[in-house]
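Trainee: First, the structure itself, so that you have it in front of you.
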């Protein structure tokens, strides 16, 4: 029965592979081969195999062979994703993906357990407590990192430029993200730090810009997108529009031509054309790259910092009959210039490598922010 159900399920799976249209007979041969392999494993493998988990892993393996962001969610994981934690479960405060069989940190979120202990964008998590990550799916690795608030977890990471693995002990907390912070620096520079693109980010930034504009001394703006892992496309478009009077913001292209879309700015630059400098680093991803890339293409902003992450794709959550779901990449972002940011990211106009990942407003150790202030003040 297991193999019969598997064959029925897999009939639909090869069609997810973009650009591949094998004949039906070839597909059936592959399904038969998979059934044969599963049968051999069940009979010959040294330990007893959980067939249900094996099938989940097979589905997830197919999806993750497409790209690091596509994945299978079991009914349990899908339900957890849709349900608020209500204080029962805590998190670490990191956005992650899967690369080369290990968990890769896209970005730690400001003022969360992960950022406070020193985990950085680009770190590879190779061990969670005493469990090796290699060979596990992203969903399985994320599940290992979940747990009750106040409990600890040990993460072993590999970092670019470090010869030895690093170990971090992190205590789980309820993650509450304050996505927008503002200040006035050096009496005349409006500083806006955006840590994520959630459903309220656009309204918050619009309100903050209007408040800053009331100060007649503000002559320039710094938009800080460092370690911002992204979020909602709609908010990226809305926030970019705040700094433009016209022009294309972003376009998406998918397998189906009729689903391709373009978004354009409406008249009304909230900052009235004042000088804008944007801070980016390797932790700036997805929606952050749309904002930075679009404003750079329109020569509306100067980008300062490091090359961004390079996540230029759109994922959709597609429910399945078993009450689980798949997260599937359905489109790619393209900047006004026509360039894709996938795997390459957005490059800064002025490259300044960060010496500290402390992004508190007006921190003395933040060399990138200090350079930006000096640049704007001439």
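Derivation of every value follows stated rules applied to the coordinates shown; laboratory data play no part. Because the structure is a prediction, the values reported are computed rather than measured. Note that each Cβ is placed from the backbone with ideal geometry, even for glycine, and that neighbours are counted across all protein chains shown.
Trainee: I need the calculated FRET efficiency for the pair residue 52 and residue 353, taking r as the beta carbon distance and R₀ as 30 Å, to the nearest 0.05. Don't skip to the end; give the middle numbers.
Mentor: On the way: r = 47 Å, r/R0 = 1.58.
So, using R0 = 30 Å, E works out to roughly 0.05.
Trainee: Further question: Given the -39500 (n - 2.57) contribution per DSSP H run of 4+ residues, what per-residue ellipticity at 222 nm results for the chain, rounded to the nearest 500 deg cm²/dmol?
Mentor: On the way: 10 runs with 108 residues, N = 378.
The helix-only estimate for the chain comes to -8500 deg cm²/dmol at 222 nm.
Trainee: Residue 307 to residue 246: extension gain in nm, 0.36 nm per residue of separation minus the Cα-Cα distance? Present the calculation step by step, with values, prior to reporting the outcome.
Mentor: Working: separation 61, 0.36 × 61 = 21.96 nm, distance 2.62 nm.
Fully extending the segment from residue 307 to residue 246 adds 19.3 nm.
Trainee: If you stretched the chain out fully between residue 164 and residue 36, how much longer would it get, using 0.36 nm times the residue separation minus the C-alpha to C-alpha distance?
Mentor: Details: separation 128, 0.36 × 128 = 46.08 nm, distance 4.23 nm.
Roughly 41.8 nm would be gained on extension.
Trainee: Right, next: Test of understanding: ordering 96, 149, 103 by Cβ neighbours within 10 Å, fewest first, what list do you get? Intermediate results must be reported in sequence, preceding the final value.
Mentor: Working: 96 21, 149 14, 103 25.
Going from sparsest to densest Cβ surroundings: 149, 96, 103.
Trainee: Going by Cα centres, segment 290-345 and segment 199-233 are how many Å apart?
Mentor: 20
Trainee: Something else now. log10 I(q)/I(0), Debye, Cα-only the chain, no solvent, q = 0.07, 0.10, 0.11 Å⁻¹?
Mentor: Debye curve over Cα of the chain, log10 I(q)/I(0) at q = 0.07, 0.10, 0.11 Å⁻¹: -0.36, -0.71, -0.84.
Trainee: Can you compute the modelled spin-label distance between residue 187 and residue 175, with each label point 7 Å from Cα toward Cβ, in nm?
Mentor: 4.1
Trainee: Round to the nearest 0.05 the FRET efficiency obtained for residue 337 and residue 43 when R0 = 41 Å and r is the Cβ-Cβ distance.
Mentor: So the FRET efficiency works out to roughly 0.15.
Trainee: Let me ask another. Mind checking the full-extension length gain between residue 214 and residue 371? Use 0.36 nm per residue of separation minus the Cα-Cα distance, one decimal, nm.
Mentor: Details: separation 157, 0.36 × 157 = 56.52 nm, distance 2.57 nm.
Stretched fully, the residue 214-residue 371 segment lengthens by 53.9 nm.
Trainee: Over segment 90-166, what is the relative contact order in percent, taking alpha-carbon pairs closer than 8 angstrom and at least six residues apart? Walk me through the numbers on the way to the answer.
Mentor: Details: 129 pairs, mean separation 23.0, N = 77.
Normalised by residue count, the contact order of segment 90-166 is 30 percent.
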